[in-house]
Amino acid sequence: MMWIALALWVQAAAIECQPASGTADGAALAATSVGIREAFARSDVAAIARYHHPDITKSLAPDRFFSGQAALVADLRATFATVRLRFVTNDVERLDVCGDTAVEMTRYAVEVTPRAGGAAATVRGRAMIVYVRSATAPNGWLSLRELVQPHG
């Protein structure tokens, strides 16, 4: 058992992370991000789900955590039943590709508009997103893990 753990550690240590900027992977990841944000603006649950791994795990706030694509779809449907969401900003602070995995750190602002009327509010925060390479993804990458830290 110890040898297996050592072999896995050596393999993981051999993976080098590289900035994605200016690479084909960077362009594909940027297209993935745009596709997700555009689908959010349309409240298009099916399109959003296509960009997420079947084993997606999201922590959207300290009290909002779920795993699996069925839970993602249920959360999106419940959310879109009451509000519209539109990304106002999505500033990527860092995006690295580590083999078949990419890690993004982003500052965002999302406009939240109640469907029943009333004033829109803007939620700002920071997110860390882990993507994995996938032949089934629209642009070659699926979101696998998301940790969202809203503030304000």
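The values are calculated or read from the model by the stated rules, or taken from the named source; none is laboratory data. All of these numbers come straight from a predicted model, not from anything done at the bench. Methodologically, a virtual Cβ is constructed for each residue, glycine included, from the backbone with ideal geometry; neighbour enumeration extends over all protein chains shown.
One residue stands out in segment 122-152 among those that are in a strand (DSSP E or B) and hydroxyl-bearing (Ser, Thr, Tyr): the one that is farthest from residue 26 (Cα to Cα), namely 122.
All of 91, 100 fail the test of being farther than 16 Å from residue 34 by Cα and at pLDDT 95 or above, apart from 100.
No other residue among 103, 148 is among the aliphatic types (A, V, I, L, M) and either farther than 30 Å from residue 16 by Cβ or surrounded by 17 or more Cβ atoms within 10 Å (Cβ to Cβ) (or both) apart from 148.
When residue 80 is tested against the conditions (1) crowded, with 17+ Cβ neighbours inside 10 Å; (2) part of a strand (DSSP E or B), the lone failure is (2). Can you tell me which residues in segment 143-152 are of a type in the set (A, V, I, L, M) and closer than 18 Å to residue 90 by Cβ? The answer is 147, 148. If the condition is being under 11 Å from the mean Cα position of the chain (by Cα) and of a type in the set (S, T, N, Q), then segment 42-60 contributes 57, 59.
Can you tell me which residues in segment 98-110 are touching a Lys or Arg at 6+ places or on another chain (Cβ under 9 Å) and in a strand (DSSP E or B)? Correct list: 101, 102, 103, 104, 105, 106, 107, 108, 109, 110.
Conditions (1) under 17 Å from residue 43 (Cβ atoms); (2) out of contact with any Ser or Thr (no Cβ under 7 Å at 6 or more places or on another chain), marked per residue:
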residue: 81; (1), (2): yes, yes
residue: 86; (1), (2): yes, yes
residue: 99; (1), (2): no, yes
residue: 109; (1), (2): no, no
residue: 119; (1), (2): no, yes
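Pairing residues of segment 120-140 that are surrounded by fewer than 15 Cβ atoms within 10 Å (Cβ to Cβ) with residues that are not in a strand (DSSP E or B), at Cβ distances under 8 Å and at least 6 apart in sequence or on separate chains, gives 124/152.
Among the residues of segment 42-61, those identified as among the small types (Gly, Ala, Ser), outside any strand (DSSP E or B) and surrounded by 14 or more Cβ atoms within 10 Å (Cβ to Cβ) are 43, 47, 49. Among the residues of segment 107-119, just one is under 17 Å from residue 51 (Cβ atoms) and either over 13 Å from the mean Cα position of the chain (by Cα) or in contact (Cβ under 8 Å) with a residue 24 or more places away in the chain (or both), namely 110.
Confirm whether residue 73 is assigned to a strand (DSSP E or B) and touching a residue at least 24 places away in the same chain (Cβ under 8 Å). Explain how you work it out, then say what you get.
Working: assigned to a strand (DSSP E or B): no; touching a residue at least 24 places away in the same chain (Cβ under 8 Å): yes.
Considered against the rule, which asks whether it is assigned to a strand (DSSP E or B) and touching a residue at least 24 places away in the same chain (Cβ under 8 Å), residue 73 comes out as no.
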